[in-house]
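Undergrad: Got a structure here, written out as structure tokens. Questions coming.
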Amino acid sequence: MTIPRIGVTGNTRALGDAERAGVNAAYVRAVTQAGAVPLILSPLIGTAHLEVIVDAIDGLVLTGGEDIHPTHYGEAPHPRLGTVDQVRDAFELALFREATARGLPVLAICRGIQLINVALGGTLWQDLPSQRPDALDHNPRSARDDRTHPVHLLPGSRLARVLGVTACEVNSFHHQTIREPAPGLVVSARAPDGEIEGVESAEGAPWLLAVQWHPEEFHHHLQPVDHGLFAALVAEAGNRAVAFTASAARHPSQSVTDRASPR
Ligand code: MN
């Protein structure tokens, strides 16, 4: 059996007087629980070796975190823009482009849904409470696994199929959302205030699911619908890993020739 390797994008944070490269443990646990091996990808790797990274993984999780610098969608910073990390922006935008160019399945969460939308040409609300005062409170002071607002899913969408429902309650820790969805993305989930909570690629395009909530925080619950997101990513990544292994096995002489070619 092939165990898929899932890249999980990391962050850089200060801890006391030391700088740490890491990621919330919940993502690592959720990927592990879904049957894959998570590989944490620090933005400090930079953009020089994206092909090496993408060669090493079968799927990608783009994780939550800082706001994306609005220069990436042609805006000046709003006064309520949060913390940004331009090294991380550059790394994840380039990594997402390389991953989709190579057909890797991608699950994008919170900052991740914002990142893929910007990468594909969409825009964001920089600060929902000030720019959309009628919106729900999408950033309540609640526990990580508190479900604080509903989302309604587009019937028949990949998201609805993967979750097996057409509505569910989700957690919410964000002050930004998608403003204009990028061309080609299908909007597959909305909150009752109309804000976009899920998007996905069209059929035929590389497999992409993106949500504004945090499904990884439910990893220790037994049967939440949210487990379906990680299970679906790992299944896609597993199919891809098997296909590549089978293809290599069918053409063993070709790889021997390739290795011998420098002479
Ligand atoms: Mn929300």
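The values are calculated or read from the model by the stated rules, or taken from the named source; none is laboratory data. Remember, it's a predicted structure, so these values are computed and weren't measured experimentally. Positions of Cβ are generated from backbone atoms using ideal geometry, with glycine treated the same way; all protein chains shown enter the neighbour counts. The accessibility values were calculated without ligands, DNA or RNA, using every heavy atom of the protein model including side chains. Shrake-Rupley method; radii C 1.70, N 1.55, O 1.52, S 1.80 Å.
Undergrad: How many residues are among the hydrophobic types (A, V, I, L, M, F, W, C) and under 17 Å from the mean Cα position of the chain (by Cα) when one looks only at the stretch 161-179? Working first, answer last.
TA: Filtering the stretch 161-179 for residues among the hydrophobic types (A, V, I, L, M, F, W, C) gives 162-163, 165, 167-168, 170, 173, 178.
When the remaining residues are screened for being under 17 Å from the mean Cα position of the chain (by Cα), the result is 162-163, 170, 173, 178.
Number of matching residues: 5.
Undergrad: Name the single residue that is nearest to the ligand (Cβ to nearest atom) among those in the stretch 122-136 being part of a loop (DSSP other than H, G, I, E, B) and surrounded by 14 or more Cβ atoms within 10 Å (Cβ to Cβ). Explain how you work it out, then say what you get.
TA: Applying the first criterion (part of a loop (DSSP other than H, G, I, E, B)) to the stretch 122-136 yields 122-123, 126-127, 132-136.
Next, only the ones that are surrounded by 14 or more Cβ atoms within 10 Å (Cβ to Cβ) stay: 122-123, 126-127, 132, 135-136.
Details: G122: 17, T123: 18, Q126: 16, D127: 14, R132: 12, A135: 9, L136: 7 Å.
Of everything passing the filter in the stretch 122-136, L136 is nearest to the ligand (Cβ to nearest atom).
Undergrad: A further question on this structure: When the stretch 144-174 is examined, which residues are found to be touching a residue at least 60 places away in the same chain (Cβ under 8 Å), surrounded by fewer than 20 Cβ atoms within 10 Å (Cβ to Cβ) and either within 11 Å of the ligand (Cβ to nearest atom) or not charged (D, E, K, R) (or both)?
TA: Those that are touching a residue at least 60 places away in the same chain (Cβ under 8 Å), surrounded by fewer than 20 Cβ atoms within 10 Å (Cβ to Cβ) and either within 11 Å of the ligand (Cβ to nearest atom) or not charged (D, E, K, R) (or both): G164, V165, F173.
Undergrad: Can you tell me which residue among L60, L104, L95 is in a helix (DSSP H, G or I) and in contact with a strand residue (DSSP E or B) (Cβ under 8 Å, 6 or more places away or on another chain)?
TA: Values: L60 fails: in a helix (DSSP H, G or I); L104 fails: in a helix (DSSP H, G or I).
Going through L60, L104, L95 in turn, just one is in a helix (DSSP H, G or I) and in contact with a strand residue (DSSP E or B) (Cβ under 8 Å, 6 or more places away or on another chain): L95.
Undergrad: I'm checking my understanding of the structure. Among residues of the stretch 70-92 that are assigned to a helix (DSSP H, G or I) and aliphatic (A, V, I, L, M), which one is farthest from T123 (Cα to Cα)?
TA: Taking the stretch 70-92 first, the residues assigned to a helix (DSSP H, G or I) are 70-73, 86-92.
Remaining after also requiring aliphatic (A, V, I, L, M): 87, 90.
Details: V87: 20, A90: 17 Å.
Looking at residues that are assigned to a helix (DSSP H, G or I) and aliphatic (A, V, I, L, M), I get V87.
Undergrad: OK, next. For the stretch 154-211, which positions are small (G, A, S) and more than 21 Å from V234 (Cβ to Cβ)?
TA: Looking only at the stretch 154-211, we keep the residues that are small (G, A, S), and these are 156-157, 160, 164, 167, 172, 182, 184, 188-189, 191, 194, 198, 201-202, 204-205, 210.
G156, A167, S172, A182, G184, A191, G194, A202, G204, listed by residue number.
Undergrad: Let me spell it out: the conditions are (1) within 17 Å of N117 (Cβ to Cβ); (2) surrounded by fewer than 17 Cβ atoms within 10 Å (Cβ to Cβ); (3) within 16 Å of the ligand (Cβ to nearest atom), and P192 meets all of them except one. Which number is the exception?
TA: Result: P192 passes all but (1).
Undergrad: Right, here's the next one. Here are some residues: G74, G46, G59, G65. Which one is on the phi > 0 side of the Ramachandran plot and surrounded by 14 or more Cβ atoms within 10 Å (Cβ to Cβ)?
TA: On the way: G74 fails: surrounded by 14 or more Cβ atoms within 10 Å (Cβ to Cβ); G46 fails: surrounded by 14 or more Cβ atoms within 10 Å (Cβ to Cβ); G59 fails: on the phi > 0 side of the Ramachandran plot.
None of the others qualify; the one that does is G65.
Undergrad: I need the full set of residues from the stretch 230-263 which are modelled with pLDDT of 75 or more and either in contact with a Leu (Cβ under 6 Å, 6 or more places away or on another chain) or β-branched (V, I, T) (or both), in order please.
TA: L233, V234, V242, T245
Undergrad: Next question. Residues being within 16 Å of the ligand (Cβ to nearest atom) and either in a loop (DSSP other than H, G, I, E, B) or open to solvent by less than 10 Å² (accessible area, probe 1.4 Å) (or both): count how many of those fall in the stretch 210-223. It would help to see each step written out before you state the result.
TA: In the first step, residues of the stretch 210-223 are kept if they are within 16 Å of the ligand (Cβ to nearest atom); the result is 210-218.
Now drop any that are not either in a loop (DSSP other than H, G, I, E, B) or open to solvent by less than 10 Å² (accessible area, probe 1.4 Å) (or both), which leaves 210-216, 218.
Count: 8.
Undergrad: Only residues that are closer than 19 Å to L208 by Cβ and open to solvent by 60 Å² or more (accessible area, probe 1.4 Å): list them for the stretch 233-243, please.
TA: Of everything in the stretch 233-243, those that are closer than 19 Å to L208 by Cβ and open to solvent by 60 Å² or more (accessible area, probe 1.4 Å) turn out to be E236, N239.
Undergrad: Hey, among the residues in the stretch 18-43 that are aliphatic (A, V, I, L, M), out of contact with any strand residue (DSSP E or B) (no Cβ under 9 Å at 6 or more places or on another chain) and within 17 Å of F218 (Cβ to Cβ), which one's least open to solvent (accessible area, probe 1.4 Å)? Step through it out loud before you land on a result.
TA: Start the filter on the stretch 18-43 by keeping residues that are aliphatic (A, V, I, L, M), which leaves 18, 21, 23, 25-26, 28, 30-31, 34, 36-37, 39-41.
Still in the list and also out of contact with any strand residue (DSSP E or B) (no Cβ under 9 Å at 6 or more places or on another chain): 18, 25-26.
Within this subset, residues satisfying the condition of being within 17 Å of F218 (Cβ to Cβ) are 25-26.
Working: A25: 51, A26: 11 Å².
Within the stretch 18-43, the match that is least open to solvent (accessible area, probe 1.4 Å) is A26.
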